[in-house]
Every structure is written in C-alpha cells, then in structure tokens.
1. For Lys152, indicate whether it is surrounded by 15 or more Cβ atoms within 10 Å (Cβ to Cβ), out of contact with any Asp or Glu (no Cβ under 9 Å at 6 or more places or on another chain) and of a type in the set (Lys, Arg).
2. Kindly check whether there is at least one residue in region 158-165 that is away from the ligand (no atom under 16 Å from the Cβ), under 27 Å from Ser38 (Cβ atoms) and open to solvent by 60 Å² or more (accessible area, probe 1.4 Å).
3. Scan region 100-132 for residues that are open to solvent by 30 Å² or more (accessible area, probe 1.4 Å), among the aliphatic types (A, V, I, L, M) and touching a residue at least 12 places away in the same chain (Cβ under 8 Å) and report the count.
4. Given the criteria touching a residue at least 24 places away in the same chain (Cβ under 8 Å), over 24 Å from Gly3 (Cβ atoms) and open to solvent by less than 20 Å² (accessible area, probe 1.4 Å), does Val135 qualify?
5. Name the pairs: first residue in region 78-92 and under 22 Å from Met162 (Cα atoms) and within 11 Å of the ligand (Cβ to nearest atom), second residue part of a loop (DSSP other than H, G, I, E, B) and not hydroxyl-bearing (Ser, Thr, Tyr), Cβ to Cβ under 6 Å, at least 6 apart or on different chains?
6. Out of region 1-37, which residues are over 12 Å from the mean Cα position of the chain (by Cα), surrounded by 16 or more Cβ atoms within 10 Å (Cβ to Cβ), more than 22 Å from Asp123 (Cβ to Cβ) and touching a residue at least 40 places away in the same chain (Cβ under 8 Å)?
Amino acid sequence: MCGIVGYVGARQATPLLVGGLRKLEYRGYDSAGVSVWSNGASRVVRCRGKLANLEDKLTKEPAPGTIGIGHTRWATHGRPSDENAHPHKVGSISVIHNGIIENHLALRQELAAAGAKFSSETDTELFAHLIDRVVRSGVKDLTTAVRTALAKVHGAYAFVVMDDDDPTKLVAAKNASPMVIGLGDGENFIASDVTAILAETRKI
Ligand code: GLU
C-alpha cells in the first residue's frame, strides 16, 4: 500500500502532487504517476522507478492544470511497469488506488465478457472500467457513479477518482486504508498520509 496525493484549487497541481509524493517516499514504491486536468482533458504521466524518473518525464511532457491526482505504487497485482503504474484512465475517468481489490478475477472476467479492453495487469484498472461503464450508462454525477461502481468491489482500498467531464472535484472512497482530507483557503488536498500535505495545510 503506497502513496496518494490529490489537489483541487488555483495553484498548479503537478508540483504539489510530486512534492507530496516525495514526502511519502520513505514508504517505498516501484513506480509513480500523475493525472492533471486542463483544457477539457486530463494528461496522465507515469513511469516505473523513482520520482526523479517521473520528474524527468514531466519536463518533456508537462502536465499543467489546477486539479489532479498523484500516486506512488507498490505493486500487488501486476509487475512494476509503466503500464501498471497509476493513474489508470478509462474514458474520462482517472483512478489512483492504494490496497487490493479482492474480487479482481471475477470482475476482470465480467468486464472482459462485456467487451472491456485492458491496458494493464492491475486490479485498479478494473475499478476505472466499472466507473466508466456506469458513466456511459447515463449516470453523469461522479459521486453517484463512484458509489455505484464501489458496490461491486470487495477489499481494502483508498481510491481517488477524477473525471475529465467534471473537473471541479475529486471523489474519494476508502475502506480500511488510510486517507485524510486537508482544507486550504480556496483549495483542498487529499492524501494517504498527513505527512504529504502538512506543508500546505494544518486543517486536516
Ligand atoms: N493493487 C494495486 C496495484 O497493484 C495498488 C497497489 C498499491 O497500493 O500501491 O496496482
């Protein structure tokens, strides 16, 4: 179980996300990534290895924008690789996740039978597909869509979800995995550990 950081506000998200993830480095991780929204769509930048690799990649492929999510991964399902690094994006939905989806095999079979094409070996990607399917069935409210998809998921998890089509908020869900929300002035943070956001706010 590794690191989660999210930001919604007026500042550039990427430096805050990477800065927060750096504070969580002590926990260990095998890959890192961000998804940041601007101008109608989010850009996912992620890679295997250290945060320094991600920062290098971000200088070549900048991810500007004032809402975003960042993750450091400790692989449980699928080897450490660029493709398995979070965030996982399906349609308009970006997801980061700490923990394990216990019923991932059944979900993968069900989604495959319904025509889903997978781009990773992770349990996490399945949740992005579940939300995407709910959204495409006509549920436009992200909180409702996440809640509906969650009803199919068993396990210990902390998820943060961002939707390209509603870039005003992040939706989070947790069960038995830690997550904290940090309140700022005209901005808010979310993280798997208070250490990640203490430099930005003390209102947790
Ligand atoms: N189970 C997920 C994966 O393997 C999340 C691992 C984590 O908590 O970092 O990608």
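The values are calculated or read from the model by the stated rules, or taken from the named source; none is laboratory data. Note that the structure is a prediction, hence the values are computed from the model and not measured. Positions of Cβ are backbone-derived with ideal geometry, glycine not excepted, and every protein chain shown enters the neighbour counts. Ligands, DNA and RNA are stripped out before the accessible areas are found, and what is left, the full protein with its side chains, is counted by its heavy atoms. Shrake-Rupley method; radii C 1.70, N 1.55, O 1.52, S 1.80 Å.
1. Answer is no for this residue.
2. From region 158-165, those away from the ligand (no atom under 16 Å from the Cβ) are 162-165; that's our starting set.
Next cut, under 27 Å from Ser38 (Cβ atoms) only: 162-165.
From what's left, open to solvent by 60 Å² or more (accessible area, probe 1.4 Å): 165.
There is at least one residue in region 158-165 that is away from the ligand (no atom under 16 Å from the Cβ), under 27 Å from Ser38 (Cβ atoms) and open to solvent by 60 Å² or more (accessible area, probe 1.4 Å).
3. Going through region 100-132 one residue at a time, the tally reaches 2.
4. Considered against the rule, which asks whether it is touching a residue at least 24 places away in the same chain (Cβ under 8 Å), over 24 Å from Gly3 (Cβ atoms) and open to solvent by less than 20 Å² (accessible area, probe 1.4 Å), Val135 comes out as yes.
5. Asn84/Gly78; Asn84/Glu121
6. Scanning region 1-37 gives Val8, Gly9, Gln12, Ala13, Thr14, Leu16, Val18, Gly19, Gly20, Lys23, Trp37.
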